[in-house]
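Some notes on the structure that comes next.
The values are calculated or read from the model by the stated rules, or taken from the named source; none is laboratory data. Computed from a predicted structure; not experimentally measured. Methodologically, a virtual Cβ is constructed for each residue, glycine included, from the backbone with ideal geometry; neighbour enumeration extends over all protein chains shown.
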Amino acid sequence: MINFDDSKCTGCGMCANVCPQGAVKIKEGKAFMSDYESCMECGACRVNCEFGAVDLTKGTGCLVAIIREDILKIRPKGAGCGCGTGSGTVCC
Ligand code: SF4
Ligand code: SF4
């Protein structure tokens, strides 16, 4: 489950840009989930939000993104959730 904190969201659009499913949209300067059904919980929106405005309840998506950020404390630079680093295979 994805939740956006309107008090932190600047409407920069990065989460919408990196979402591989096109599930995030920007409306009136704030991000929102436009399609919960297509979200695969990859974590890309959360990892790439510089403002900490995305809360993601971990599900069955890309565990690599979760491990990198929550356990290894590594925030990948640039777009994408960070999965596939070194393997050549990415999910987004
Ligand atoms: S990346 Fe963060 S601050 Fe930017 S639009 Fe998305 S939720 Fe808002
Ligand atoms: S978790 Fe992934 S699929 Fe779901 S909204 Fe964020 S970027 Fe899109």
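Report the residue count in the range 36-52 for those that are within 13 Å of ligand 2 (Cβ to nearest atom), at pLDDT 90 or above and surrounded by fewer than 17 Cβ atoms within 10 Å (Cβ to Cβ). Looking only at that region, the number is 0. Considering the range 4-32, the residues that are in a loop (DSSP other than H, G, I, E, B), within 13 Å of residue 48 (Cα to Cα) and touching a Cys at 6+ places or on another chain (Cβ under 6 Å) include one that is nearest to ligand 1 (Cβ to nearest atom), namely 19.
The single condition from (1) surrounded by fewer than 15 Cβ atoms within 10 Å (Cβ to Cβ); (2) more than 11 Å from the chain's Cα centre (by Cα) that residue 9 fails is (1).
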